[in-house]
Structures are given as C-alpha cells and as structure tokens.
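The values are calculated or read from the model by the stated rules, or taken from the named source; none is laboratory data. Treat the numbers as computed from the prediction; the structure is a model and nothing was measured. With ideal geometry, Cβ positions are generated from the backbone for all residues, glycine too; neighbour counts draw on all protein chains shown. Just so you know, the surface numbers come from the protein's heavy atoms only, side chains and all, with ligands and any DNA or RNA stripped out. Shrake-Rupley method; radii C 1.70, N 1.55, O 1.52, S 1.80 Å.
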Amino acid sequence: MRVSDNTNFGVVRDSMTRSRSRLEDLQLQNSTLKKLNRPSDDPVGSAKILEVRTDKVNNDQFQSNAKLAQSFLENTDAALEDISEVVMRAKEIAIGQSSAASSTPETRVGVAEEVNQLFQRAVGTANRRIGDRYLFGGFKSTEHPVDADGNYRGDKGEMMLEIGREVYIGMNIPGHQVFNTNPENSADHEAIETRSLEEQKLQQQREDIKEQKKPEPVRRLATEGMEEKTGVQNVNLFEELKALRIGLLTGDQTAIRGTLERFDDLLGKVVSTRSKIGSRIQGIQGNINTMERHNVSNAQLSSSIEDADMTQIVSDMAKEETVFKSSLASSKHLIQPTLLDFLR
C-alpha cells in the first residue's frame, strides 16, 4: 500500500501536537506547582477541592463567631470578678461595723461613704461594655443596663452565636441574673415583664393605626406571663449596698448584721455565674481547637489532590523533551522529499 506525503505529514503533525501539548501541561504544572489548573484536569478532584474550600470559609466564620463570644464572656468574667470584690469589701465593712465594741458613730459615717463608693463602682461595672455593646443589657446591648439608682433597664435576652454547624452558645449573661440571687422572684424580673407588655401594647396600637382601625387594648393582663413568686427570698446587689449604707448612717446594727448572710448569698451567686461562664469559655476553646484540626485535615486533603509532585514533574518533563526531540529528528527523515519520490 502506498503511503502518500500527506499521510506522512499528518502522522508527524499529530505526533508533534500531542507531544507539545503534554510538554505544555507539564510546564504549566511546574510553574503553578499545581496539577489541577482547570476543572477538566480532574472533574472529581476539582469538585472535592471546591467542597474543601467552602468548608474552610464556613469554619473561618465559625471561628470568628467563637472568638467574639469568647472575648465577650472573658470581659463578663472580669466584670464579675470586680463585683465579687465589691461584695467581699462590703461584707468586711458590715462585719467590722456590726457591733458597738468595734465601731463608733464617727467610724460608721466614714465607712458609709466608702459603701457609697462601692455602690458607684458596682453601677459602673454593671454598665461595662466591649466596643459599643454593654455586657449585661441582654438584647438591649446599646443602652445602659443599670441607671444611677441601681435599677435594671435591660431585658432578659440571651444572644446566641453559631460557633459550629448547628452548635450555638450564649455570648452574654443578662444583668438580672447576675445582680439577683433569685432572678425570677426579683423586682427586676417584674420590671422587665411590665416593659415587655407595654412594648407589645404600643406595637399593637401602631399596627391598628396603620390598618386605620380603632386601637384595641391588649387583651393580655398586666400580670399574665409573669412568674409566680416561689417564696424564696431574693437578694439584690444594689439594694443590699443601699441597706448597708442606711444602716451605717442610722447606726442600726441589727440591719448591718442582717446584710452579712445576704452578702454571702450574693457572693455565691457571682461564683456560680462565673463557673457557668468558665464552662462556656472552655466549650468555645474546645470548638476552636476542633475546627483548627479540621482545617489542617482539609488542607492536607486539598494538597494531596491539587498540589503537584515536583520530582515526578521534572522527570516527566525530561522524558517528554527527549520524546519531542526524537520526534523532530525522525520526522525530518520521514518527510524529506527526494527526486525519486516525484518520479514514482
């Protein structure tokens, strides 16, 4: 069978094109250090790479949320440490001034001023914030949670942050749970419920006006939704500091001694709250460590799929260059025309 020049040329051209294409791919992998530069290089591997990258983006956001919650809780714990110091100092004053043998009217008036300073310090700590958010305001984190008289103005909202897939944690402790030993039986709780009812009533009136209807009173009773008092005595931090100051100014040693046990209750409440915060911080740190290990595993998987083996690439390039040069040398003799080729 006769082989024409066009056939020889086509064979040489196809061989050279394939060799050059393989050489170009190897050179691209060598320059990018990646064996996957296009989805067509490995569709399955490319899909896995995209999945790993999406997972890393999600984990980075979860870690950001976790660090925000951790910072918020750590600042809350520092504030509670200050409050515990206030309570312990107030108890020391109460012990020292609880008997006539260890106090005089002059000393009681003097330490009453210190108790007033402790009260101001407690109010300042209760209004501590991180950035533009107050620590103890609940959902009302942009307003002072405690006024100058020690009345709680926040709500009982707990801000939840997603620190992992379907894993949520509260980043704050509402103030009424911190400043009262029995929050559900406190005046702060009742004030929160009353404000909530008033806000619901105002919202209902706005909706009625918007719909051009006569405003109707909210059918919910003022006491509905409020927790029934359990009979367990509640102790409020600010009220106890006020009571101690009044007892010192009036010389009422019975009232002064009566604050001792209540200060112990407040200190126990602060300690239990700090334990709760510590548990949350430990959980957050464990979750951060887990995500970091997960990111490392994903990075190793991505590297095994995407990164090129430079030793193998250099070896393949040397082989392909040899093949290409051999193809050039052999094709020169294959397609070189002679006079006899035209005479046949």
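Quick rundown of the values:
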{"quantity": "Identity of the residue in the stretch 305-320, in contact with a helix residue (DSSP H, G or I) (Cβ under 9 Å, 6 or more places away or on another chain) and assigned to a helix (DSSP H, G or I), that ends up farthest from residue 22 (Cα to Cα)", "calculated": "305"}
{"quantity": "Selection count, the stretch 261-280, where residues are in contact with a Lys or Arg (Cβ under 9 Å, 6 or more places away or on another chain) and open to solvent by 40 Å² or more (accessible area, probe 1.4 Å)", "calculated": "2"}
{"quantity": "Count - residues of the stretch 96-108 that are within 27 Å of residue 179 (Cβ to Cβ) and assigned to a helix (DSSP H, G or I)", "calculated": "2"}
{"quantity": "In the stretch 146-158, the residues that are farther than 16 Å from residue 72 by Cα and either among the β-branched types (Val, Ile, Thr) or within 25 Å of the chain's Cα centre (by Cα) (or both)", "calculated": "146, 154, 155, 156"}
{"quantity": "Residue match in the stretch 169-180 (condition: farther than 24 Å from residue 67 by Cα, in a helix (DSSP H, G or I), open to solvent by less than 10 Å² (accessible area, probe 1.4 Å) and in contact with a Ser or Thr (Cβ under 7 Å, 6 or more places away or on another chain))", "calculated": "yes"}
{"quantity": "Among residues of the stretch 206-253, those that are modelled with pLDDT of 65 or more, closer than 28 Å to residue 177 by Cα, of a type outside the set (A, V, I, L, M) and open to solvent by 80 Å² or more (accessible area, probe 1.4 Å), counted", "calculated": "3"}
{"quantity": "Residue, farthest from residue 233 (Cα to Cα), within the stretch 156-166, restricted to residues that are touching a helix residue (DSSP H, G or I) at 6+ places or on another chain (Cβ under 8 Å) and open to solvent by 60 Å² or more (accessible area, probe 1.4 Å)", "calculated": "165"}
{"quantity": "Residues that are open to solvent by 80 Å² or more (accessible area, probe 1.4 Å), part of a loop (DSSP other than H, G, I, E, B) and basic (Lys, Arg), drawn from the stretch 112-155", "calculated": "153"}
{"quantity": "Search result, residues across the stretch 11-40 that are in a helix (DSSP H, G or I), within 53 Å of the chain's Cα centre (by Cα) and of a type outside the set (D, E, K, R)", "calculated": "21, 23, 26, 27, 28, 29, 30, 31, 32, 39, 40"}
{"quantity": "Residues of the stretch 76-102 classified as without any contact (Cβ under 8 Å) to a residue 24 or more places away in the chain and either in contact with a strand residue (DSSP E or B) (Cβ under 8 Å, 6 or more places away or on another chain) or within 18 Å of residue 258 (Cα to Cα) (or both), total", "calculated": "4"}
{"quantity": "Near pairs, Cβ below 7 angstrom, 6+ apart or cross-chain, from the stretch 298-313 (farther than 14 Å from residue 41 by Cβ and in contact (Cβ under 8 Å) with a residue 24 or more places away in the chain) to any residue that is assigned to a helix (DSSP H, G or I) and among the charged types (D, E, K, R)", "calculated": "298/55; 298/56"}
